[in-house]
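A.B. asks: Okay, here's the structure, questions in a sec.
The values are calculated or read from the model by the stated rules, or taken from the named source; none is laboratory data. Values in this document were obtained by computation on a predicted structure and should not be read as measured data. Glycine also receives a Cβ, built like all others from the backbone with ideal geometry; neighbour counts cover every protein chain displayed.
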Amino acid sequence: MEKRIRIVPHAGIDKDCGSFEVRVSVFFHWEDNPGRRLRPDAMTREQAKEAAQKLAREEQEKLE
């Protein structure tokens with residue numbers, strides 16, 4: 001059976017926030033509304049997606 005690393009998107013309360021989960025417990029939270037960001041260094045949706053994809057690729061390579 002082939003193992004694959006998946007990225008699971010989780011929607012927030014609206015289209016401006018959410019998270020991407022890689023594997024079981026790694027989350028990349030994002031917030032596209034700068035006025036609501038709790039931290040100034042919070043990622044945008046695109047940054048979170050890229051970080052999630054990078055981790056997924058790294059984890060997939062470990063399985064191969």
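A.B. asks: Does at least one position in the range 18-32 carry a residue that is surrounded by 11 or more Cβ atoms within 10 Å (Cβ to Cβ), within 17 Å of ARG6 (Cα to Cα), more than 10 Å from the chain's Cα centre (by Cα) and of a type outside the set (Ser, Thr, Tyr)?
C.D. replies: For the range 18-32, residues surrounded by 11 or more Cβ atoms within 10 Å (Cβ to Cβ), within 17 Å of ARG6 (Cα to Cα), more than 10 Å from the chain's Cα centre (by Cα) and of a type outside the set (Ser, Thr, Tyr): present.
A.B. asks: For the range 33-64, enumerate the residues that are closer than 10 Å to ILE5 by Cβ and of a type in the set (Asp, Glu).
C.D. replies: Correct list: GLU58, GLU59, GLU61.
A.B. asks: Follow-up question, since we're still on this one. Please determine, by comparing only the residues of the range 33-45 that are assigned to a helix (DSSP H, G or I) and in contact (Cβ under 8 Å) with a residue 12 or more places away in the chain, which one is surrounded by the fewest Cβ atoms within 10 Å (Cβ to Cβ).
C.D. replies: ARG36
A.B. asks: Among the residues of the range 16-37, count how many are more than 24 Å from LYS62 (Cα to Cα) and at pLDDT below 80.
C.D. replies: 4
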